[in-house]
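Enquirer: Before anything else, here's the structure in question.
What follows is calculated from the coordinates using simple rules that are stated; it is not laboratory data. Because the structure is predicted, anything quoted here is derived from the model rather than measured. Note that each Cβ is placed from the backbone with ideal geometry, even for glycine, and that neighbours are counted across all protein chains shown.
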Amino acid sequence: MYPTLTLYIDGQFMEAGARQTLAVTDPATLERLGDLPCATAQDLDAALSAAERAFAQWRHASPMDRSAILRKTAELLRSRVEAIAHGITRDNGKPLADARAEVLNSAEHVEWHAEECRRIYGRVVPSRDPRVRQLVIREPVGVCAAFSPWNFPLGQAIKKVSAAIGAGCTLILKGPEESPSAIVEMARAFHDAGLPPGVFNVVFGHPAEISKHLIESPVVRQVSFTGSVPVGKQLAALAGQHMKRVCMELGGHSPVLVFDDADVDAAAALLARMKTRNAGQVCVSPSRLFVQAGVYDRFVARFVDGIESIQVGNGMEPSSQMGPLIHDRRLQAVRELVDDATRSGGRLLTGGARLGEAGHFFSPTVIADVPAHARIMSEEPFGPVASVVKFDSTELALRLANSVPYGLASYVFTESHKTATQVMNGLEVGMVNINHSGMAHPELPFGGVKDSGIGSEGGTETFDGFLVTKMVTQI
Ligand code: NAD
């Protein structure tokens, strides 16, 4: 059963009633799953007031109490994994096994924040006068506005929500209109875990109207967003006009460097799985594959084999390893990038077309020898498309990898410690994976540099965006 979609404001789940609604559809079948209520301006004001009222209390809740509620929420998410995962597969399209993994990983994130929030320490700074005591205290920033995307509808939102709540902030989350069910289930888990009304509020609607309303409100002190670079820049600019802190997790165009001394078969197999995960709609998806000349042909052959072995289908089918793209716009955007790449001289080795007529399926695609001027070499594909390009020297590989404004994740395959170190130091990115892939664990900071964003989620850095520093000097 697909759940009833609601807003969640001041501890109340609110159905559509007289509000405008948006249809939510299954991207695999285009079946209408439900109607999502759009928050009115009054709803947004109610959420702002509730979050402001709740902050006055929640900021003083002890870290142990905040931790207990987060821990209980994690338990509830785990016990509801099947229902939440079914909702995610229906409104996002990803295979059910991946949706389950997302829910369980999200529960781990909440637990990490439950543990870490008890360790938000300040410091005592030695003073130059023995009578003076100098303290550095970290306090919650206040009411936060968060905007989360549809690609990991629970996984992306949970990081912001548990960090804000753990830090002692309150927040209003605008969830993804395309894939809202997991957000409503998350709100229910926090509610059932005993989170006081107003600490966490959920709205949906027209993204630009909601972000403007919330960011311009004097109540909001911090803005976090996960999504595309252009939208991130717009929201950061708006936040800047009102001197609000931001945490931005934006797009990526992940370079992969495969050197002659790498375990080529293992790299090709891993990259084929990673490229097709979530139909390539992942900000850390490997998308520009630079392969050294000595292993280029072998790598390309193995990678194409791996890509062609992926079963594409409805995520509810146990055999499916890759589902559809989220919406028609994404399908169109991916198709245009592929057409441009082949027109520019890239060799289409597999895929390159829509699959079937019913859903938004696109075949996993590999294009070799893509020239630097093709759009796909500088624009994030955010779909199941990989470009493969040959290189000779490490210097050239680094230059190619760093040639885009993005700087999120990167992947390196080499058996040479010297090469690994040189490349690790030279890559302009927030995350480097050497000979494997291991990101998005709660204990590790996740974030980018350059156009890929500001700040990190996860790791001990996770609360940095939600805390302010107060200096106290006392005699
Ligand atoms: P899009 O730019 O239309 O939307 C991206 C996200 O931003 C969506 O969740 C959308 O609801 C939200 N959004 C759009 N305008 C907004 C506004 N004014 N205020 C607040 N939120 C707003 O693109 P799309 O086709 O839906 O998604 C594809 C692009 O989004 C990709 O190119 C990718 O870079 C990016 N994206 C990135 C991530 C990530 O994990 N970093 C996740 C999802 C999407």
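Enquirer: How long are the semi-axes of the equivalent ellipsoid of region 240-286, defined as square roots of 5 times the Cα gyration tensor eigenvalues? Whole Å, largest first.
Expert: Numbers: eigenvalues 226, 36, 7 Å².
One finds semi-axes of 34, 13, 6 Å for region 240-286.
Enquirer: Give me a comma-separated list of calculated 3J(HN,Hα) values for region 56-72, in order, Karplus coefficients 6.51, -1.76, 1.60 applied at θ = phi - 60°, integers in Hz, x for any Gly or Pro.
Expert: These are the phi-based 3J(HN,Hα) values: 4, 8, 4, 4, 9, 4, 5, x, 5, 5, 4, 4, 4, 5, 4, 5, 5 Hz.
Enquirer: Sticking with this structure for a sec: Work out how far the C-alpha atoms of the chain reach from end to end along every principal axis, then list the three figures in whole Å, largest first.
Expert: If we take the Cα atoms of the chain, the spans are 69, 63, 40 Å.
Enquirer: Same structure, new question: Would you please report the Å³ per residue occupied by the convex hull of the alpha carbon atoms in region 372-434? Could you put the intermediate results ahead of the total?
Expert: On the way: hull volume 6.3 nm³, N = 63.
Roughly 100 Å³ of hull volume per residue.
Enquirer: Hey, can you rank 441-449, 102-110, 235-243 by average C-beta count inside 10 Å, highest first?
Expert: In descending order of packing, they fall as 102-110, 441-449, 235-243.
Enquirer: Tell me which residues come under 5 Å, amide H to amide H, from residue 350 once H is placed; ignore anything under 5 positions away on its chain.
Expert: Amide H neighbours of residue 350: 366.
Enquirer: Can you compute 3J(HN,Hα) from phi for each residue in region 7-23, using the Karplus curve 6.51 cos²θ - 1.76 cosθ + 1.60 with θ = phi - 60°, rounded to whole Hz and x for Gly and Pro?
Expert: Values per residue, Gly and Pro as x: 8, 9, 10, 6, x, 10, 8, 10, 6, 4, x, 8, 5, 5, 10, 10, 6 Hz.
Enquirer: Follow-up. Based on the Cα gyration tensor of region 11-134, what are the three equivalent ellipsoid semi-axes, each the root of five times an eigenvalue, rounded to whole Å and given largest first?
Expert: On the way: eigenvalues 316, 106, 30 Å².
Taking √(5λ) for each Cα gyration eigenvalue gives 40, 23, 12 Å.
Enquirer: Just to check I understand the Karplus step: with θ = phi - 60° and J = 6.51 cos²θ - 1.76 cosθ + 1.60, what whole-Hz values come out for region 177-191, glycine and proline as x?
Expert: Along region 177-191, the couplings run 5, 5, 10, x, 4, 5, 5, 5, 5, 5, 4, 5, 5, 5, 4 Hz.
Enquirer: Could you count how many Lys pairs in the chain have their Cα atoms under 15 Å apart, skipping same-chain pairs fewer than 8 positions apart?
Expert: Counting lysine pairs in the chain gives 8.
Enquirer: Would you pull out the residues with amide H under 5 Å of residue 171's amide H, same chain only if 5 or more places away, H placed 1.01 Å from N?
Expert: Distant-sequence amide H within range of residue 171: 144, 200, 201.
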